[in-house]
Amino acid sequence: MNTEIWAKFKARVRDQVDGRFYSTYLENLSCRSMTGSEWIVCLPDRATLNIVESSLSDKLIDIIHEVLKEEGIHSDVSLVFSLEGENFEEQKEHEQWCLPLMGMTNKVTDVSTPEEAKAAFKVSPKYAVFDTAAAVKIRENSHLNPNYTFDSFIKGGSNEMAYCAAKAVAANPGGAYNPLFIYGGVGLGKTHLMHAIGNEILQTSNLRVRYMTSEEFTNGFMEALQSGKMPEFRTKVRRDCDVLLLDDIQFIEKKEGTQEEFFNVFNEMTQNSKQIVLTSDRSPKDIKGLTDRMQSRFMQGLMADIQLPEFETRLEIVRKKSRAERFFIPDDIAQYIASNVNSNVRELEGCINRIKMAANSHEITMALAQRVIEPFYQTRTVLVDANMIIECVCRYFGITVDDMMGKSRAKPIAHPRQIAMYLARSHTSLSFPDLERIFDRDHTTVLYAVRKIKDGLSKKDAMLEGDIRHLEDELFRK
Ligand code: ADP
Ligand code: MG
């Protein structure tokens, strides 16, 4: 193994992958072997391996090629994932057994030997999917929406962490991440991801999945209490269910009876390695009416937040959703929609549908899009570009464009420069390499700048928030 190349690769991965994601899943990535045609990399456990393999393979391969190219090596390397400390040949054999059982091509189950896999197949059909009456019944009882899948979920920086966490849980229900707690504002895809977990588990096992809103849980509990049918209610929730998906848990805030019942459900299920997934519009510590013990239980598993999608993800959503609806939105109009509708995904969907209806199988024009969108949004008729952003930021901070493009790293110059990079990344479709070229900076500098401003905003740095708000108002003023 070439340690220098590996170190460079690792550093590049750290730069390009979301910080939290990196520290949760990639910190321990190690190298088993490295040849001109194949790199074998190791991860410490199967859940991590599954997530990294399913969501990051392409990115890692790109980085390998990038690093090799810089070293003057031009070869087409493939990437193989392996488990630390496991004999590679054995693992291959194990995969040959498990993959057909799971009906997938890129997943690894938590069965660790071929013998176990064969036994699992015979004794418990946990790893095999049969289209039997029982399977149909499980699906009916699950109350899942079959359209909310991982495939129909569009990934982006704002939801990457939650997506990967959801994937990990779906790959290993009842395993290391219990409960999974997904939180974030309305219309950002929490319910979608929750159903995606359920749908994937139904496809890869015969575990009994049950989706329920917290309101349904509360109502069921109250009714059972009043009609003296608690035993039936408890059986339904605790015993007839292996994976419980409880949506909008903030609903049980201040409802002590319901919390008490849920606390018992929670304990019994997690003790029996049954998976629980919860969503909420806030993190557990911000659900004020929650008892302390409930709060700490929620936080003992894996917590993942979803944030507002950034411009690029919004654009991707407009493109993919319109394609799925089988109508074509020209790219300038897609950009117009993505830059104006920046609240949440549900609203974006609403907009796409309204435009589709208004167009009524005619061609979609910018005028039509504006007419449909404007009553609902403070539209920005201007599409900004990097130059406009640079000029606007310079004016605002009282520095010159030469200062901004120059080499000075003094804070009064470097800070506006970082803001300009952040704004360009948020409000234009420019990629990181584009920004590197425009600002004449290297990759790490641009990444660092964008991340720094994002972090500041997520930590609610009031001064920074004010600056950004002013600049955006200025940029998008009609
Ligand atoms: P939440 O539960 O967070 O309020 P939902 O899961 O109900 O949000 O999402 C609202 C709508 O937006 C749904 O139709 C969902 O399919 C869609 N949606 C949200 N995020 C995404 C995404 N990343 N990719 C595709 N569709 C999404
Ligand atoms: Mg929801």
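Please give the FRET efficiency for Glu38 paired with Phe376, using the beta carbon to beta carbon distance and R0 = 56 Å, rounded to the nearest 0.05. Each step should come with its number before you reach the end.
Details: r = 52 Å, r/R0 = 0.94.
With R0 = 56 Å, the Cβ-Cβ based efficiency is 0.60.
Which of the trypsin sites (Lys or Arg not before Pro) found in region 275-367 are loop residues per DSSP with 13 or fewer other Cβ atoms within 10 Å of their Cβ? Can you show the working numbers first?
Working: sites: Arg282, Lys285, Lys288, Arg293, Arg297, Arg314, Arg319, Lys320, Lys321, Arg323, Arg326, Arg346, Arg354, Lys356; in loops: Arg282, Lys288, Arg326.
Sparse-neighbourhood loop trypsin sites (Lys or Arg not before Pro): Lys288, Arg326.
When the accessible area of the chain is computed with all protein chains present and a 1.4 Å probe, what percentage of it is carbon and sulfur? List each step's numbers first, then the result.
Values: 11490 of 23160 Å².
Exposed carbon and sulfur together represent 50 percent of the surface.
Using DSSP H assignments, which helices in the chain have an axial alpha-carbon span of 24 Å or above and a mean Kyte-Doolittle hydropathy of 0.0 or higher? Walk me through the numbers before you get to the answer.
Details: long enough: 46-70 (32 Å, 0.15).
Result, helices passing both filters: 46-70.
Ignoring ligands, DNA and RNA, what accessible area per residue does the chain give at 1.4 Å, in Å²?
Working: 23160 Å² over 478 residues.
In whole numbers, the chain has 48 Å² accessible per residue.
If you average the sequence gap of Cα pairs under 8 Å that are 6 or more apart and divide by the length of the chain, what percent do you get for the contact order?
On the way: 658 pairs, mean separation 55.3, N = 478.
Reported as a whole number, the value is 12 percent.
Once you put a point 7 Å from the Cα of Leu457 and another 7 Å from the Cα of Glu268, both along the Cβ direction, what distance in nm separates them?
4.6
Taking loop as defined by DSSP and a crowding limit of 15 other beta carbons within 10 Å, which GluC sites (Glu not before Pro) in region 57-86 fit? Intermediate results must be reported in sequence, preceding the final value.
On the way: sites: Glu66, Glu70, Glu71, Glu84, Glu86; in loops: Glu71, Glu84, Glu86.
Listed in order of number, the matching sites are Glu71, Glu84, Glu86.
Take the Cα radius of gyration of the chain and divide it by 2.2 N^0.38 Å, with N its residue count; two decimals is plenty. Mind showing how you got there, number by number?
Working: Rg = 24.9 Å, N = 478, 2.2 N^0.38 = 22.9 Å.
Normalised Cα radius of gyration, the chain: 1.09.
Quick one: if the Förster radius is 35 Å, what FRET efficiency do Glu474 and Ser57 give, using the C-beta to C-beta distance and rounding to 0.05? Walk me through the intermediate numbers first.
On the way: r = 42 Å, r/R0 = 1.19.
It comes out at approximately 0.25.
Grab the DSSP H runs of the chain that are 4 residues or longer, score each as -39,500 (n - 2.57), total them, divide by all residues and round the 222 nm result to the nearest 500 deg cm²/dmol.
Values: 21 runs with 262 residues, N = 478.
Calculated mean residue ellipticity at 222 nm is -17000 deg cm²/dmol.
Please work out the C-alpha center-to-center distance from region 461-477 to region 203-241 and express it in whole Å.
The two parts, judged by their Cα centres, are 48 Å apart.
Could you check the simple spin-label distance between Asp331 and Glu232, using points 7 Å along Cα→Cβ, in nm with one decimal?
6.0
Count charges around Asp248 for me, please; just the other residues with Cβ under 13 Å from its Cβ, Lys/Arg as +1, Asp/Glu as -1.
Working: positive: Lys190, Lys255, Arg282; negative: Glu215, Glu216, Asp247, Glu253, Asp281.
Here the charged neighbours net out to -2.
Which order do Arg12, Arg32, Arg417 take when ranked by solvent-accessible area (1.4 Å probe, heavy atoms of all protein chains), largest first?
Details: Arg12 40, Arg32 85, Arg417 15 Å².
The ranking, largest first, comes out as Arg32, Arg12, Arg417.
What figure in square angstrom, to the nearest 10, would you give for the accessible area of Glu347 with a 1.4 Å probe?
Solvent-accessible area, nearest 10 Å²: 70 Å².
With each label point set 7 Å from Cα along the Cα-Cβ vector, what nm distance links Glu256 and Asn219?
Each label point is offset 7 Å from its Cα along the Cβ direction, giving 2.6 nm.
The values are calculated or read from the model by the stated rules, or taken from the named source; none is laboratory data. Just so you know, these numbers come straight off a predicted model, no measurement behind them. Every residue, glycine among them, receives a Cβ derived from its backbone with ideal geometry; neighbour counts consider all protein chains shown. Each accessible area value is taken on the protein alone, full model and side chains, heavy atoms only, with ligands, DNA and RNA left out. Shrake-Rupley method; radii C 1.70, N 1.55, O 1.52, S 1.80 Å.
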